[in-house]
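Asks: Please read through the structure below; I'll follow up with questions.
The values are calculated or read from the model by the stated rules, or taken from the named source; none is laboratory data. Just so it is clear, the structure is predicted and the values come from calculations on it, not from any experiment. All Cβ positions, glycine included, derive from the backbone under ideal geometry; neighbour counts span all protein chains shown.
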Amino acid sequence: MLGGLAASKLSAKELTWSELCNATFDPLDKEIGFNHLPNKKSLVMNNMVIHRANTRGHQDHGWLKANHSFSFANYHNPERMHFGVLRVLNDDYIEAGRGFGTHPHDNMEIITIPLEGDLEHKDSMGNSGVIRHGDVQVMSAGKGIMHSEFNYNKDKPVKLFQIWLFPNKRNVEPRYDQVTFDSKGRDNQWQQILSPNSDDEGVWIHQDAWFHLGDFDGGKTVNYNLKRQGNGMYLMMISGKATINGQTINSRDAVGLWDTDKVAIETQEDSRFLMLEVPMQIA
């Protein structure tokens, strides 16, 4: 979990990877709010914020190239701490055979979605295996876990999203789950990959959140209706071009919406989306 220092006071260059992951973020920091604070690089409207791809935090460690939608590691932006309970959305590129050694997490719901390639996982719960393209993995860190992640392949990189959500229950027993999805299930429709319900489609977490993937042809109007009143939507454009509320978004742009129960997206070309529906209040 990110934080031992309040996030607004983080000096990540002074922290090791292990210390960073095991620090303490204060969700009640009044300077942070919902992360809807205007700046020159973010377009903020009454109930909508656009985070352009080229305004994300970027780190290049050679073997690891990371883009951060929200403050993480050496990237600290007090106006981009989180969106509701969505704390981290990292867009990572990991070279062949490289990865993250064993490090701790606690009280965070961690979701990994490989976009290309495969990721090897080991943890202190005894889980060991490969998360492949088409899989979605979740860890409820709860009262504490240790794990490692490495590119499983020796000849090609792995590209992935790693997402952290604040849970609605603290200090739960840690758990692990992994589900393989048929990509045809998202052709011109939303494919649910995560929910709060263990008997629902996809993986489940300790939070009133729903994740969907969708691959839509160009020239379509795509609607999304909230599952839970009061939630917000954070839409990551994985690839393509579309219009939302008159605003054009392109590959790796993201749009956050709140105080609404639905959104209409007009695709201008074939487009792939990750829709994250999350509570706007941290419990």
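Asks: Within the range 236-283, can you find the residues that are small (Gly, Ala, Ser) and either under 17 Å from His51 (Cβ atoms) or without any contact (Cβ under 8 Å) to a residue 60 or more places away in the chain (or both)?
Replies: Restricting attention to the range 236-283, the residues satisfying the condition of being small (Gly, Ala, Ser) are 239-240, 242, 246, 251, 254, 256, 264, 271, 283.
Residues satisfying the conditions are Ser239, Gly240, Ala242, Gly246, Ser251, Ala254, Gly256, Ala264, Ser271.
Asks: What number of residues in the range 233-257 are at pLDDT 95 or above and either in a loop (DSSP other than H, G, I, E, B) or under 17 Å from Ile193 (Cα atoms) (or both)?
Replies: Summing the residues that are at pLDDT 95 or above and either in a loop (DSSP other than H, G, I, E, B) or under 17 Å from Ile193 (Cα atoms) (or both) in the range 233-257 gives 10.
Asks: Search the range 40-80 for residues being touching a helix residue (DSSP H, G or I) at 6+ places or on another chain (Cβ under 9 Å) and not in a loop (DSSP other than H, G, I, E, B), and hand back the single one that is modelled with the highest pLDDT.
Replies: Asn67
Asks: May I pose another question? Return the residues of the range 118-154 that are of a type in the set (A, V, I, L, M) and assigned to a strand (DSSP E or B); say none if nothing qualifies. If you could, list the steps in order and put the result at the bottom.
Replies: Start the filter on the range 118-154 by keeping residues that are of a type in the set (A, V, I, L, M), which leaves 119, 125, 130-131, 136, 138-139, 141, 145-146.
Residues satisfying the conditions are Leu119, Val130, Ile131, Val136, Val138, Met139, Ile145, Met146.
So that you can scan it fast, the table gives a plain yes or no per residue for (1) within 17 Å of Ile205 (Cβ to Cβ); (2) of a type in the set (A, V, I, L, M):
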{"position": "Ala73", "(1), (2)": "no, yes"}
{"position": "Val85", "(1), (2)": "yes, yes"}
{"position": "Asp118", "(1), (2)": "no, no"}
{"position": "Lys122", "(1), (2)": "no, no"}
{"position": "Ser128", "(1), (2)": "no, no"}
{"position": "Met146", "(1), (2)": "no, yes"}
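Asks: Please specify each residue of the range 106-120 satisfying the condition of being of a type outside the set (S, T, N, Q) and touching a strand residue (DSSP E or B) at 6+ places or on another chain (Cβ under 6 Å). Full working, then the answer.
Replies: From the range 106-120, those of a type outside the set (S, T, N, Q) are 106, 108-111, 113-120; that's our starting set.
The answer is Met108, Glu109, Ile110, Ile111, Ile113, Pro114, Leu115, Glu116, Gly117, Asp118, Leu119, Glu120.
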